[in-house]
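*Asks:* Just dropping this structure here.
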Amino acid sequence: MSLLAVAGVAPVEYAVAVDRYLAEARLSPASRRVYRISLAGWAWPLVGREWPDGASRRRAIPPVVPLALLDHAGAERRLASAVASRQQQAEVRTVHRELSALRSAIGWWRCREWIATDPTSALAAAGGRPAAVRALTDAEVATLFRAPASLREQALWHLLRDSGAAAETVLGLDASSVQLSGRRARTANGPAIEWSARTNDLLGWLLAGRRYGPVFRTDRRAPASTPDADTCPLSGRGRMSYRRAAEIFAAHTRPLDLAGRGWMLHQLRRGYRPDPAASSQTV
């Protein structure tokens, strides 16, 4: 059988179909990695299993899923339940990105007639936050700030609380934009953010004289494909991603959350108010 003929044969497994889609998709290396993580994540709800939590998700091996399962009548119900669950655990942008990746892959597979239906067609886009999610109280934040977390995490959490800026904005800060003397920093696409004296001390210790590279860095050296702008020129460590920051925050706050799920980074933002319309949105 020729290679062309093999390439045209519909794969049996979902994971193989994901590999074939990503091999052909016009994505940057960074986007391809994000798509792979998102698409792998949908394997659990497709077989009726819970999505792994936090850091365990990064190490978990997805279950084997027949691609034909996407054509089964129960696939739409399982995915709807998974989206509703994810909206309780992750930022709206994250859920939207994960669902968008799945929709793109499904569209590609349908064009090749590997599957016949789209179980995501009836799902509403993740456009709102459930009304039950609220801002953290001052007492909850005070408890969090006493937690035995690393300097990096405490600096990030304090800065989010003080500035009210989005986590993506804060994680995108570079050392060159931070003005410790004025307790402020320039942002890439918005107004400058400011913070308290306590947060200033934490940032000063975190930067330890660094003037270039990401303020918030990963624990390991960045892959060779990481853009220079997201790599520390001194240590070679990469910029911390929102996904990783959210996982760490959830893990630290799970013991403090009465629901046992852990809190979300956006709940730290002072003055945050859930969208009242979000409670009327269904998936």
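We did not get these values from a lab; they are worked out from the coordinates using the rules stated. Bear in mind that the values here come from a model prediction, so they are computed numbers and not experimental data. Cβ atoms come from the backbone with ideal geometry, glycine included; neighbour counts cover every protein chain shown.
*Asks:* Can you put Asp230, Asp201 in order of Cβ neighbours within 10 angstrom, beginning with the fewest?
*Replies:* Result, fewest neighbours first: Asp201, Asp230.
*Asks:* Oh, and also: Quick one: compute the contact order of the chain, relative version, from alpha carbon pairs under 8 angstrom and 6+ residues apart, as a percent.
*Replies:* Normalised by residue count, the contact order of the chain is 20 percent.
*Asks:* Amide H of Val178: which non-local residues (sequence gap of 5 or more, or other chain) have their own amide H closer than 5 Å, using H built in the peptide plane?
*Replies:* none
*Asks:* Go through region 181-192 residue by residue and turn each phi into a ³J(HN,Hα) via Karplus (6.51, -1.76, 1.60, θ = phi - 60°); whole Hz please, and just put x for glycine and proline.
*Replies:* 5, x, 6, 7, 8, 7, 10, 5, 9, x, x, 5
*Asks:* Please label the shape of region 182-224 as rounded, prolate or oblate, based on the square roots a ≥ b ≥ c of the eigenvalues of the alpha-carbon gyration tensor (a/c under 1.5 means rounded; beyond that, a/b larger than b/c means prolate, else oblate).
*Replies:* Note, shape of region 182-224 comes out oblate.
*Asks:* Something else now. Calculate for the chain the 222 nm mean residue ellipticity that helices alone would give, adding -39,500 (n - 2.57) per DSSP H run of length 4 or more and normalising by residue count, nearest 500 deg cm²/dmol.
*Replies:* Numbers: 12 runs with 122 residues, N = 283.
Mean residue ellipticity, 222 nm, calculated: -12500 deg cm²/dmol.
*Asks:* Also, I was wondering about something else. Taking GluC sites (Glu not before Pro) as exposed when DSSP calls them loop (any state but H, G, I, E, B) and at most 16 other Cβ atoms lie within 10 Å, what is the longest stretch of the chain free of them, the sites themselves excluded? Could you put the intermediate results ahead of the total?
*Replies:* Values: sites that count: Glu50, Glu113.
Result, exposed sites excluded: 114-283.
*Asks:* For the chain, go through all pairs of different Cα atoms, get the mean of 1/r, take its inverse, and jot down that Kirkwood value in Å.
*Replies:* Across the chain, the inverse of the average 1/r is 20.8 Å.
*Asks:* Order by neighbour count: His158, His96, fewest other Cβ atoms within 10 Å first, most last.
*Replies:* In order of increasing Cβ crowding within 10 Å: His96, His158.
*Asks:* With r as the distance between the Cβ atoms of Ala122 and Arg33 and R0 = 41 Å, compute the FRET efficiency 1/(1 + (r/R0)^6) and round to 0.05.
*Replies:* So the FRET efficiency works out to roughly 0.90.
*Asks:* Moving on to the next point. So what's the projected area for region 138-275, the Cα convex hull averaged over all directions, in nm²?
*Replies:* Mean shadow area of the hull around the Cα atoms is 8.9 nm².
*Asks:* Another question, if that's okay. FRET efficiency for Phe145 and Arg261, Cβ-Cβ distance as r, R0 = 25 Å, nearest 0.05?
*Replies:* Rounded to the nearest 0.05, the efficiency is 0.80.
*Asks:* Moving on to the next point. Enter the per residue convex hull volume of region 97-199, computed from alpha-carbon coordinates, in Å³ rounded to the nearest integer.
*Replies:* Taking only Cα atoms, region 97-199 has a hull volume of 180 Å³ per residue.
*Asks:* Among Ala192, Ala101, Ala15, determine the one that fluctuates most according to a GNM of the chain built with springs between C-alpha atoms less than 10 Å apart.
*Replies:* With Cα springs under 10 Å in the chain, the top fluctuation among Ala192, Ala101, Ala15 is at Ala192.
*Asks:* Continuing with the same structure: Return the Cα extents of region 9-111 along principal axes one, two and three, sorted largest first, each rounded to a whole Å.
*Replies:* 37, 33, 23
*Asks:* Could you list Arg244, Arg32 so that the one with the fewest beta carbons within 10 Å of its beta carbon is first and the one with the most is last? List each step's numbers first, then the result.
*Replies:* Numbers: Arg244 17, Arg32 14.
Arranged by neighbour count, lowest to highest, Arg244, Arg32 become Arg32, Arg244.
*Asks:* OK, next. Can you check what the net charge comes to around Ser28, using other residues whose Cβ is under 13 Å from the Cβ of Ser28 (Lys, Arg +1; Asp, Glu -1)?
*Replies:* Taking every other residue near Ser28 into account, the sum is +3.
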